[in-house]
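K.L.:
Got a structure here, written out as structure tokens. Questions coming.
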Amino acid sequence: MIEPQIIVLGCGNPNRSDDGAGPAVIDLLRSRQFPPGVRFFDVGTDGMAVIYKARGATHLAIVDARVPMGTPGSVYEVPGEVLAAPPARGAGLHEFRWDNAIYAGQRIYGDAFPAFVTVFLIEAETLALGLSLSPKVATAVELVANKVTNLLQHWTST
């Protein structure tokens with residue numbers, strides 16, 4: 001059996017309140033024990049970093065905040081292929097996000113890009129300037145860290 005190479009990426013800007021949910025999940029996961037072959041990265045808002053960090057992995061989990069829609073702290077678990085989106089024509093690197101990275105990485109790297117991609121989205125309450133997560137999002141961060149832990153245990157046992 002080939003050992004899975006698993007990458008977990010936290011996306012978001014911790015200077016924008018709940019947009020820091022992805023990096024907060026990464027911080028929690030780093031304090032837990034996982035088998036070799038599981039690595040965690042805070043990639044901030046750098047969509048290109050998603051491509052570079054994921055290249056060569058067999059499995060990829062991405063955690064990010066979702067824009068507020070009225071149910072802060074809600075958690076969405078979505079297969080990566082559902083959210084993969086081509087970058088807009090003429091878009092610069094500032095507009096290149098993780099959904100574009102999934103799409104582009106699969107096309108650029110083929111089999112060297114993870115075949116298994118899962119995205120966890122936490123609905124934000126606020127994206128205002130600030131260093132704190134709202135209480136509902138802070139609770140959701142712990143929930144998502146547990147969901148990612150369960151997913152990683154499944155990926156490393158199959």
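K.L.:
State which residue is least open to solvent (accessible area, probe 1.4 Å) when the search covers only segment 29-48 and only residues that are modelled with pLDDT of 95 or more and small (Gly, Ala, Ser).
P.N.:
Of everything passing the filter in segment 29-48, Gly44 is least open to solvent (accessible area, probe 1.4 Å).
K.L.:
Determine, yes or no, whether Pro68 is part of a loop (DSSP other than H, G, I, E, B) and open to solvent by 30 Å² or more (accessible area, probe 1.4 Å).
P.N.:
yes
K.L.:
If only one of Gly80, Gly56 is exposed (fewer than 13 other Cβ atoms within 10 Å of the Cβ) and more than 20 Å from Asp18 (Cα to Cα), which one is it?
P.N.:
So the residue among Gly80, Gly56 that is exposed (fewer than 13 other Cβ atoms within 10 Å of the Cβ) and more than 20 Å from Asp18 (Cα to Cα) is Gly56.
K.L.:
Moving on to the next point. Within segment 6-27, is even one residue under 25 Å from Ser157 (Cβ atoms), open to solvent by 20 Å² or more (accessible area, probe 1.4 Å), in contact with a helix residue (DSSP H, G or I) (Cβ under 8 Å, 6 or more places away or on another chain) and not aromatic (Phe, Trp, Tyr)?
P.N.:
No: zero hits.
K.L.:
In the set Val8, Val78, which member is touching a residue at least 24 places away in the same chain (Cβ under 8 Å) and under 24 Å from Leu131 (Cα atoms)?
P.N.:
The match here is Val8.
K.L.:
Considering each residue of segment 86-124, count those that are touching a residue at least 40 places away in the same chain (Cβ under 8 Å), part of a loop (DSSP other than H, G, I, E, B) and either farther than 25 Å from Asp18 by Cβ or in contact with a strand residue (DSSP E or B) (Cβ under 9 Å, 6 or more places away or on another chain) (or both), and give that number.
P.N.:
5
K.L.:
Could you tell me how many of the residues in segment 53-80 are under 14 Å from the mean Cα position of the chain (by Cα) and either of a type in the set (Ser, Thr, Tyr) or modelled with pLDDT under 95 (or both)?
P.N.:
1
The values are calculated or read from the model by the stated rules, or taken from the named source; none is laboratory data. No experiment lies behind these values; they were computed from the predicted model shown. Heads up, the Cβs are rebuilt from the backbone with ideal geometry, glycines too, and the neighbour counts pull from every protein chain shown. Ligands, DNA and RNA are excluded from the accessible area calculation, which covers all protein heavy atoms including side chains. Shrake-Rupley method; radii C 1.70, N 1.55, O 1.52, S 1.80 Å.
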